[in-house]
Each structure stands twice: as C-alpha cells, then as structure tokens.
C-alpha cells in the first residue's frame, strides 16, 4: 500500500506542530518553507486536520496553527484517516459501519473472494501500527526512537502474526 502525499505531508505538518515551542501557534508558511512543501497544499491538509479536531488555529499577526491535544494523545491512525479517509490496502476492501471488513467483489450471493483474508490481514497490520503509534512516538529524538524500536521488537511481532500466511493457515 502506498499512502499519498496527503498523509506524507500531513504527518510532517503534525510533527512540526508537535515540536513547536510552548504551544505557540506556528505559521503554516514557516512549516512550508522549513520542509520545502507547497503552502497551498498544506492549507488544504490543515483544513482536514482542523475538521478532525487535531489542530487549532489562531488568526492575526501572531497567528498560526497548533496541536489541539498533546502529541501523546494523537494517534497516527487519526492523522492518516483525517487526511486519506478509511485505510484500505486495495480498492475492493472496506470497513462496513458495523466494523466488519467487506470485499466489493463478494456482492454476488455465494461468491467468496479468495484474497480477502490476505488483504484483511494487511489492513489490520497497517491500522494496528498506526493506532499504536502516537505523534509523540514520531517526534522522539533519533536516539530515543532507536531505543523504543528495540523495546517494541516490531519485526518479531510481524513474524509472529504473519507466519500463518506463509504456512497457509487462516485465522485472523
């Protein structure tokens, strides 16, 4: 799955806001210049983040944007979903209002999608990772981030959870 520049640039904006000093608003033009990002595009993204309740704005000469909550209270799932919409590894997979995963190719009675389990597992791994990662985790300094990754042992988790795919076992 490849996220668009909405997620990439939006996460970068959130990181800059999270690194902001003392909760003072940061002008979007400053963030754009610092990251070499297009200001008009960032305005569009920040509007989505604001609508999702992730950022606040202040008008005026000392205005700009700031986080609506602390970085530790904002998950990357919230950020990515505000920018990209529902997370789906391929077009035919989506989440129903009741939380179940549906495949558009299963609309005909008796038709079972042979790859639904695979894409459901991929989606689950992506969503879980985004839900378990806060903005505070992302803005950690590199040394602290390295220590956190060693503690989390993400490769061991992936190996344990994706092993059934390699053996043909089904059971998510």
Worksheet item: Is it fair to say residue 78 is buried (at least 17 other Cβ atoms within 10 Å of the Cβ), outside any strand (DSSP E or B) and out of contact with any helix residue (DSSP H, G or I) (no Cβ under 6 Å at 6 or more places or on another chain)?
Response: yes
Item to complete: Kindly list the number of the only condition in (1) touching a helix residue (DSSP H, G or I) at 6+ places or on another chain (Cβ under 8 Å); (2) modelled with pLDDT of 85 or more that fails for residue 73.
Response: (1)
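Count, please, the residues in the stretch 81-98 that happen to be surrounded by 14 or more Cβ atoms within 10 Å (Cβ to Cβ) and out of contact with any strand residue (DSSP E or B) (no Cβ under 7 Å at 6 or more places or on another chain). Walk me through how you get there before you give the answer.
Within the stretch 81-98, the subset surrounded by 14 or more Cβ atoms within 10 Å (Cβ to Cβ) is 81-84, 87-90, 92-95.
Right, trim to out of contact with any strand residue (DSSP E or B) (no Cβ under 7 Å at 6 or more places or on another chain) and you get 81-84, 87, 89-90.
Total meeting the criteria: 7.
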Worksheet entry | Hey, residue 100 in contact (Cβ under 8 Å) with a residue 24 or more places away in the chain and either over 26 Å from residue 5 (Cβ atoms) or more than 21 Å from the chain's Cα centre (by Cα) (or both) or not | no
Item to complete: Could you check residue 157 against (1) out of contact with any helix residue (DSSP H, G or I) (no Cβ under 6 Å at 6 or more places or on another chain); (2) modelled with pLDDT of 60 or more and say which number it fails?
Response: (2)
Practice prompt. From the list 40, 32, 47, 68, pick out the single residue that is touching a helix residue (DSSP H, G or I) at 6+ places or on another chain (Cβ under 7 Å) and at negative phi.
Written response: 32
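Of all residues in the stretch 114-136 being in contact (Cβ under 8 Å) with a residue 60 or more places away in the chain and buried (at least 16 other Cβ atoms within 10 Å of the Cβ), which is farthest from residue 54 (Cα to Cα)?
Across the stretch 114-136, the extreme among qualifying residues is 122.
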Discussion item. Among the residues of the stretch 48-63, are any free of Cβ contacts under 8 Å to residues at least 60 places away in the same chain, more than 18 Å from residue 7 (Cα to Cα), over 20 Å from the mean Cα position of the chain (by Cα) and in a strand (DSSP E or B)?
Written reply: yes
Discussion item. Residue 111 - would you say it is at pLDDT below 85 and either buried (at least 16 other Cβ atoms within 10 Å of the Cβ) or in contact with a helix residue (DSSP H, G or I) (Cβ under 9 Å, 6 or more places away or on another chain) (or both)?
Written reply: yes
Worksheet item: If we keep just the residues of the stretch 1-30 that are over 10 Å from residue 83 (Cβ atoms) and free of Cβ contacts under 8 Å to residues at least 24 places away in the same chain, which is nearest to the chain's Cα centre (by Cα)?
Response: 2
Worksheet entry | Only one of 82, 86 that is modelled with pLDDT under 95, under 18 Å from residue 9 (Cα atoms) and within 22 Å of the chain's Cα centre (by Cα) | 86
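The values are calculated or read from the model by the stated rules, or taken from the named source; none is laboratory data. Owing to the predicted nature of the structure, the values given are computational and were not obtained by experimental measurement. All Cβ positions, even for glycine, are placed from backbone atoms using ideal geometry, and neighbour counts span all protein chains on display.
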